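Throughout, read-outs are computed from the coordinates displayed, never taken from laboratory work. All values reported here derive from a predicted model rather than from experimental measurement. Note that each Cβ is placed from the backbone with ideal geometry, even for glycine, and that neighbours are counted across all protein chains shown.
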There are 2 protein chains.
Amino acid sequence: MDRGPLSKRLAYFGPAGTFTEEAALAYDALAQLLPFPTIAAVASAVEAGMADEGIVPIENSLEGSVPATLDLLIHESSLFIRQEVILPIDHYLMARVGTQVGDLKAIFSHPQALGQCRRFLERCFPKAQVVAALSTAAAVEEMLASDLPAAAIAPRRAAELYGAAVLGSRIQDQASNETRFVVLAKEDHESTGQDKTSICLYIPADRPGALVEILLEFSQRTINLAKIESRPSRESLGRYFFLVDLEGHRADPPVAAALAAVRSKASMFKLFGSYPRSV
Amino acid sequence: MDRGPLSKRLAYFGPAGTFTEEAALAYDALAQLLPFPTIAAVASAVEAGMADEGIVPIENSLEGSVPATLDLLIHESSLFIRQEVILPIDHYLMARVGTQVGDLKAIFSHPQALGQCRRFLERCFPKAQVVAALSTAAAVEEMLASDLPAAAIAPRRAAELYGAAVLGSRIQDQASNETRFVVLAKEDHESTGQDKTSICLYIPADRPGALVEILLEFSQRTINLAKIESRPSRESLGRYFFLVDLEGHRADPPVAAALAAVRSKASMFKLFGSYPRSV
């Protein structure tokens with residue numbers, strides 16, 4: 001495999017052994033992978049030219065959006081979404097070699113992973129202490145260093161990387177558990193004919209009907225909305241940014257016309273980018 | 001203060017020393033407070049008649065919605081929202097008595113609190129290890145038990161309860177940091193003339209224009225929407241429940257007419273309740 005100096009430098013929300021590393025490998029197995037400790041650091045690495053692109057999680061089918069990524073796109077970053085990558089997420093229960101399931105006193109993982117396995121944990125380990133960690137990889141490290149008989153919830157690859165034994169496979173509460181990752185870069189993607197566009201809007205609090213007016217700009221042009229979501233403005237309760245994903249590329253004439261109309265109606269408009277729709 | 005057997009039994013997302021306990025005291029200082037370890041446990045306590053009402057956080061002005069509360073209302077609970085309580089959230093940095101700020105090697109808190117103080121932590125403690133805990137109260141306990149010189153981020157009351165020393169006050173990134181809590185009960189609130197109604201909708205994936213049609217039912221009757229938010233359906237990516245907060249009581253004639261129309265258009269409709277608007 002070529003990981004020489006000419007391959008793409010891809011920053012990811014690391015360390016190795018996280019689902020984002022899996023998504024990075026699924027996106028570009030030949031890229032030079034650069035782990036960064038936070039989602040904001042991945043974006044900074046791309047903005048500063050230390051990496052060509054960066055990959056971060058944005059949404060999980062069970063737990064919902066990843067707030068740190070949405071807030072980064074809204075408030076901090078000038079990067080665009082260039083690609084989306086959808087990965088099935090299978091959680092594994094792992095422990096030090098020799099640990100027995102009946103002895104487990106503590107379960108470590110990232111809160112998102114704990115949330116995705118909530119029912120499994122309540123049923124199988126109602127008395128175990130649940131311990132939050134900052135990443136699934138950190139959970140495995142903390143589990144291995146724990147004084148108690150403990151397990152961690154993490155991707156299968158983490159068991160190989162850290163030499164842990166797998167006690168249980170696919171323990172998430174819903175078989176169809178998927179995470180959507182986005183690739184951030186200084187430019188978005190050219191049109192492919194099967195695209196999606198993500199935008200962010202702010203609507204003044206004194207014009208509550210404005211959201212419907214804006215959505216009509218899309219529905220009257222038969223542009224389908226894939227998603228609409230609100231995020232707090234960080235000013236005060238009751239003020240929101242709206243994040244809208246719509247079908248089509250910003251260069252498609254009906255989408256371009258709708259975006260121009262929306263831009264004139266919203267008091268803030270930010271284009272996150274157009275990119276190929278993952279199916 | 002009367003905390004006798006005839007006062008209201010109010011379950012809250014505890015333990016003592018969390019912001020939810022503060023909200024419970026602000027809501028009803030005479031109630032008999034019953035701490036429960038999870039948001040789901042608070043609801044179960046009310047459903048089973050172990051408590052008359054329960055209070056849980058639903059939304060923060062910096063970090064956004066509390067997914068566990070939304071998912072409980074959507075998927076699990078038959079309780080109604082009877083009241084909302086808005087509390088200013090001030091975070092305090094606290095440590096064992098005698099610990100010096102310059103020595104801190106680790107900072108413990110709940111991920112929501114860590115998120116609300118992200119900039120403060122990056123500026124003042126760029127090298128400290130950030131450790132996630134399951135509640136702000138648990139963070140204080142873990143900090144006190146830590147081998148490293150450590151601090152915790154928690155409400156001021158936690159410092160008193162656990163005998164910790166306050167090192168820094170109001171360290172959140174935005175002065176206007178507020179959390180909205182909801183009181184859950186077997187019945188919602190009668191009309192007061194200054195109300196809000198929360199509903200949940202599911203719209204079939206093959207009718208993308210249906211959301212706009214539904215929102216028009218409100219805007220055509222000049223019913224203001226206070227909030228619209230999407231939550232994953234837990235089935236697969238791209239399927240969402242929509243949570244809508246609107247102004248008015250479900251018994252007000254225009255609201256009743258709009259809700260009847262919406263109920264016939266959505267493939268799933270759930271009323272979370274009508275309750276007095278907090279201002």
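Relative to the current alpha-carbon distance between B:Glu76 and B:Ala256, full extension at 0.36 nm per residue lengthens the span by 62.3 nm. Under 20 Å of direct C-alpha separation, and excluding same-chain neighbours fewer than eight residues apart, A:Lys186 reaches these aspartates and glutamates: A:Asp28, A:Glu47, A:Asp52, A:Glu53, A:Asp71, A:Glu76, A:Glu84, A:Asp195, A:Asp245. Between rounded, prolate and oblate, where does the stretch B:92-168 land on the alpha carbon gyration tensor, with a ≥ b ≥ c its root eigenvalues, rounded for a/c under 1.5, else prolate if a/b exceeds b/c? Rounded, because the longest to shortest axis ratio a/c is under 1.5.
When the Kirkwood hydrodynamic radius is evaluated over all pairs of different C-alpha atoms of the stretch A:80-125, what value in angstrom, to one decimal, is obtained? By the Kirkwood definition, the hydrodynamic radius is 13.2 Å.
About its Cα centre, the dipole of chain B is roughly 380 debye, where the only charges are +1 on Lys and Arg Cβ and -1 on Asp and Glu Cβ. Legend: mean number of C-beta atoms from other chains within 10 angstrom of residue C-beta atoms, peptide B:126-132, equals 3. Gain on full extension, evaluated as 0.36 nm per residue between B:Arg119 and B:Ala165 minus their Cα-Cα distance, stands at 14.3 nm.
Using only side-chain charges placed at the Cβ, +1 for Lys and Arg and -1 for Asp and Glu, the dipole size of the protein assembly as shown relative to its Cα centre rounds to 120 debye. For GluC sites (Glu not before Pro), the sites in the stretch B:156-250 that DSSP calls loop and that have at most 15 other Cβ atoms within 10 Å are B:Glu187, B:Glu190, B:Glu235. Taking amide H atoms as placed 1.01 Å from N in the peptide plane, the amide H of A:Ala154 lies under 5 Å from those of A:Tyr92, A:Met94, each 5 or more residues away in sequence or on another chain. The mean number of partner chain beta-carbon atoms within 10 angstrom of a residue's beta-carbon across peptide A:219-232 is 5.
Diagonalising the gyration tensor over the Cα atoms of the protein assembly as shown and scaling each eigenvalue by 5 before taking the square root yields semi-axes of 34, 34, 22 Å, largest first. The charge dipole of the stretch A:195-276, taken about its Cα centre with unit charges on the Cβ of Lys, Arg, Asp and Glu (plus for the first two, minus for the last two), comes to roughly 200 debye.
Largest GNM mean-square fluctuation across B:Pro232, B:Pro149, B:Pro67, computed for chain B with C-alpha springs under 10 Å, falls on B:Pro232.
Each of A:Val85, A:Leu34, A:Ile74 was scored by the projection of its Cα onto the charge dipole of the stretch A:1-96, and the greatest displacement toward the positive side belongs to A:Leu34; charges sit on the C-beta of Lys, Arg, Asp and Glu. Annotation: lysines with alpha-carbon distance below 17 angstrom to A:Lys196 (same-chain offsets under eight excluded): A:Lys227, A:Lys270.
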